1. Within region 58-69, restricting attention to residues that are in contact with a strand residue (DSSP E or B) (Cβ under 7 Å, 6 or more places away or on another chain) and in a strand (DSSP E or B), which residue is surrounded by the most Cβ atoms within 10 Å (Cβ to Cβ)?
2. State all residues of region 170-218 that are under 20 Å from residue 95 (Cα atoms), of a type in the set (Lys, Arg) and touching a Leu at 6+ places or on another chain (Cβ under 9 Å); if no residue qualifies, say none.
3. Having 2 or more residues that are more than 20 Å from residue 41 (Cα to Cα) and outside the structural domain of residue 36 (by TED's automatic domain parsing) is the bar; report the helices (runs of 4 or more DSSP H) wholly within region 114-218 that clear it.
4. Tell me which of these residue 202 doesn't satisfy, since it passes every other one: (1) surrounded by 15 or more Cβ atoms within 10 Å (Cβ to Cβ); (2) out of contact with any helix residue (DSSP H, G or I) (no Cβ under 7 Å at 6 or more places or on another chain).
5. Before we move on, is residue 88 modelled with pLDDT of 95 or more and surrounded by fewer than 17 Cβ atoms within 10 Å (Cβ to Cβ)?
6. Tell me, please, whether a residue that is surrounded by 15 or more Cβ atoms within 10 Å (Cβ to Cβ), over 14 Å from the mean Cα position of the chain (by Cα) and modelled with pLDDT under 90 can be found in region 97-114.
Amino acid sequence: MFILKRQDVEIVNVQNPQNKDQQIPILQYQGQTFRLLNMFGDNRDEALALWRDLTDNKGKACVLLEEPQRFSVWGRVKLDQLTTAPTQSSSAGTHLVQGCLLILQAVYIEVEDLLGVRQAGSFKQDLLKFMQQGKFAQSENIAALEGILSINPLNSVQIPNWDEGKLQLLLGEIHRLASSYFGNNSFVDSAIEALNELPESSSVAAWLAKTPKGKLWN
């Protein structure tokens, strides 16, 4: 339907009716509202392929948003639908956020299993301090962080709205913290193995391989 630049649109956050602590990004253009379907980093071809499939083959009203080193696809939605009915889980969040959540949860589980509950508690406190300093959504307190550690990343309705910059920071900090707790990088293999749960695991792995902090996990 549209290929737009960031300056062409307004992006606001509205409250997720399923989770009052979560904000949903909404793109507004010429009186129409669109909800984020997927984000592709700097992979324009992949974003363009999804956009064309949705518009040409499935008749969906969609926006392809072009930003520096980031492309995203948004589907049209009526704003009142967000407050009156749940949306499909596949229409929120991104596979990159899901992948980073799987890595985070796998590392935390390994800390708890191998180093014990006390060390896991310390790990959570260290992580919380970092996320609060970085102003991550859903890191207001330890309960919010525990929610992040316990949600199902494959249910994209629940995942936080973190941009790619936040994901890079998080990947770097998880690696740094885990390395200091374990004294080595033995945790990397099990964390990457956790990505196999994600249908887009190959896409996440490719993104990790070409991003600065992602390369720490190869």
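1. By that ranking, first place goes to 65.
2. 213, 215 - these are the residues of region 170-218 that are under 20 Å from residue 95 (Cα atoms), of a type in the set (Lys, Arg) and touching a Leu at 6+ places or on another chain (Cβ under 9 Å).
3. So the answer is 117-133, 142-150, 164-182, 188-194.
4. All conditions pass for residue 202, except number (1).
5. In short, no.
6. The answer is no; no qualifying residue exists.
The values are calculated or read from the model by the stated rules, or taken from the named source; none is laboratory data. As the structure is a prediction and not an experimental result, all values here were calculated from the model. All Cβ positions, even for glycine, are placed from backbone atoms using ideal geometry, and neighbour counts span all protein chains on display.
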